[in-house]
Amino acid sequence: MGNELIEIPVRTNRSNELVNVTGQVQKALTDSGVKEGILVAHVMHTTAAITINENADPDVVHDILLQLSKISPDCREFRHGEGNSDAHVKASLIGNSVTIPVSHSRLILGTWQGIYFCEFDGPRSRKLIVRVMGE
Amino acid sequence: MGNELIEIPVRTNRSNELVNVTGQVQKALTDSGVKEGILVAHVMHTTAAITINENADPDVVHDILLQLSKISPDCREFRHGEGNSDAHVKASLIGNSVTIPVSHSRLILGTWQGIYFCEFDGPRSRKLIVRVMGE
Amino acid sequence: MGNELIEIPVRTNRSNELVNVTGQVQKALTDSGVKEGILVAHVMHTTAAITINENADPDVVHDILLQLSKISPDCREFRHGEGNSDAHVKASLIGNSVTIPVSHSRLILGTWQGIYFCEFDGPRSRKLIVRVMGE
């Protein structure tokens, strides 16, 4: 097992944004020294999430954020006083962790797969925790 | 590795309800004796789910359930005879497990994060299975 | 730990389809020789996903696909040139991996739970990667 939890700080710049963190997560894996196993990346917030999606055309990111805003718009019946319930809903829809197989010290991702930190109530300073399991 | 699977019974009281199970899941972790690793909590049902979201203001839970009912309403074109397809859809949108890093025998959760069992077709007697991996 | 990653090919036949892969995933577990632990099944694509839902009445699968098409329809404001952004959104909503507890060499699934590969932009030849952790 990787000896320590690894913390990845993520700075977001917009209210809704997908930040490609594939490089930082792969670096955390390399630092752990684990060659075969799994990696878990966990978001420490309730108005942010993490997902795997296309790493090539940035229009895909645009379209995902656009559709999420239609799926979880602000709503006059919301009661939560901070006015960010739409972000809480998005966070639970997308999910707050990803688990990725690891082999030969590499994340096993498809050609078009990248890992995105999903900001739904930014801009903020955010934190991702990485745990690597294996040998 | 924790020697045994741990079963957490969850009694729900409404058709749609988010039950905070953070305490029971932390207890399962403590009982496992694992100090460093990950914990997986898995829902054994197809009209329920599990998520991590805000543990402070109960209005967030209200707003999440409200928006989920708009995202996955009942639909006259549904074919499934039990009339609970909206709940099956919600279950797959939210997901039926969470994986959480563990360190110093504690779940690594952010300040505002709690673990919620999500009932979408209650009230029922439900079951959560916990597996802890690590040392 | 299971020594090797196991690859499961999945052939889909429609644009949107849920393919029951429970048997192949259980076989991958059996082949790994792991008796106690967890199994991670990871989709290598960005317009497909994986979920756990009802394995009995095929109408549930119909209803899930129907509702997902309403939740993430095609949209004239989408920019991505391939015209499959609806599929990218569905992939991130459902998620690209499942993590399942394992005990006595069996997947710990509820009576009604089956594992479904979710095709959202088919028909295509797809790939699922399985990693088993444990002893």
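No lab work stands behind these numbers, since they all come straight from the coordinates. Keep in mind that what you see is a predicted model, and the values were worked out from it rather than measured. With ideal geometry, Cβ positions are generated from the backbone for all residues, glycine too; neighbour counts draw on all protein chains shown.
Which whole number gives the average count of other chain Cβ atoms within 10 Å of the Cβ atoms across peptide C:14-24? Numbers along the way, then the final one.
Details: counts 0, 0, 0, 0, 1, 0, 0, 0, 0, 0, 0.
The per-residue average across the peptide is 0.
Counting, for every residue in C:78-91, the Cβ atoms of other protein chains within 10 Å of its Cβ and taking the mean gives 5. Relative intensity of segment A:47-119 on a log10 scale, I(q)/I(0) at q = 0.17, 0.20, 0.26 Å⁻¹, equals -0.72, -0.89, -1.22, per a Debye sum over C-alpha point scatterers of equal strength in the absence of solvent.
In a shell of Cβ-Cβ distance under 15 Å around C:Ser32, excluding C:Ser32 itself, what net charge do Lys and Arg (+1) and Asp and Glu (-1) give? Neighbour charge sum, excluding C:Ser32 itself: -3. Got a sec? Which residues in segment B:47-71 would a label at B:His104 touch, if it sits 7 Å along Cα→Cβ and we count backbone N under 14 Å? No residue qualifies, since no backbone N sits under 14 Å from the label point.
Label-to-label distances for B:Asn20 across copies, nearest first, come out at 4.0, 4.0 nm, using points 7 Å from Cα in the beta-carbon direction.
Please work out the FRET efficiency for the pair C:Asn13 and B:Cys75, using the Cβ-Cβ distance as r and a Förster radius of 22 Å; give the result to the nearest 0.05.
On the way: r = 25 Å, r/R0 = 1.13.
That gives a FRET efficiency of 0.35.
With kT/(6 pi eta Rh) evaluated at 20 °C and eta = 1.002 mPa s, and Rh the Kirkwood radius from Cα pairs, the protein assembly as shown diffuses with a coefficient of 103 µm²/s according to Stokes-Einstein. Restriction of the trypsin sites (Lys or Arg not before Pro) in segment C:1-105 to DSSP coil positions whose beta-carbon has at most 16 other beta-carbons within 10 angstrom yields C:Arg14, C:Lys35, C:Arg76, C:Arg79. Principal-axis analysis of the Cα atoms of chain C puts helix C:58-71 at an angle of about 50° to the longest axis. With the convex hull drawn around the C-alpha atoms of segment C:5-134, the volume per residue stands at 97 Å³.
Label-point distances for C:Gly33 to the equivalent site in the other copies, using a point 7 angstrom along Cα→C-beta, read 2.5, 2.5 nm when ranked shortest first. For segment C:5-134, lysine pairs with C-alpha atoms less than 23 angstrom apart, excluding pairs fewer than eight positions apart on the same chain, total 4.
Sorted from shortest to longest, the distances between the A:Glu7 label points of this copy and the other copies are 4.0, 4.0 nm, with each point 7 Å from Cα along the line through the beta carbon.
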